[in-house]
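In what follows, a single structure is set out as structure tokens and then discussed.
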Amino acid sequence: MYIFKENEKAKILEGRTITYVANKIGITTPFLTSVLNGKRTCSKLVAYCIVKCLCQNAEIEDYFELKGE
């Protein structure tokens with residue numbers, strides 16, 4: 001499971017709303033909010049979708065830390 005690096009939230013959104021991002025990748029707004037606030041972990045697939053939706057050149061490791069296995 002992956003946990004979002006707290007200090008990266010403003011950089012990853014770049015002016016986009018959480019609702020816009022959630023709708024674009026097909027997850028709920030409350031779930032994305034919890035992930036971006038570091039309160040909830042997500043799967044590698046969700047982490048990948050979040051990162052690639054917002055920055056094509058970024059890698060998961062730029063914004064997420066692996067937590068457990």
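Among the criteria (1) open to solvent by 30 Å² or more (accessible area, probe 1.4 Å); (2) at pLDDT 90 or above; (3) out of contact with any strand residue (DSSP E or B) (no Cβ under 6 Å at 6 or more places or on another chain), the one CYS55 does not fulfil is (2).
Is it the case that some residue within segment 39-46 is in contact with a helix residue (DSSP H, G or I) (Cβ under 9 Å, 6 or more places away or on another chain), modelled with pLDDT under 95 and among the aliphatic types (A, V, I, L, M)? Within segment 39-46, none of the residues are in contact with a helix residue (DSSP H, G or I) (Cβ under 9 Å, 6 or more places away or on another chain), modelled with pLDDT under 95 and among the aliphatic types (A, V, I, L, M). Taking the criterion of being open to solvent by 80 Å² or more (accessible area, probe 1.4 Å) and in a helix (DSSP H, G or I), the residues of segment 36-52 that qualify are LYS44, LEU45, TYR48. Restricting attention to segment 16-35, which residues are open to solvent by 80 Å² or more (accessible area, probe 1.4 Å) and within 20 Å of ASP62 (Cβ to Cβ)? Scanning segment 16-35 gives a single hit, LYS24.
The values are calculated or read from the model by the stated rules, or taken from the named source; none is laboratory data. Note that this is a predicted model, so its numbers are computed, not measured. Glycine gets a Cβ as well: all are built from the backbone with ideal geometry, and neighbour counts include every protein chain shown. Accessible surface is based on the protein model in full, side chains and every heavy atom, while ligands, DNA and RNA are left aside. Shrake-Rupley method; radii C 1.70, N 1.55, O 1.52, S 1.80 Å.
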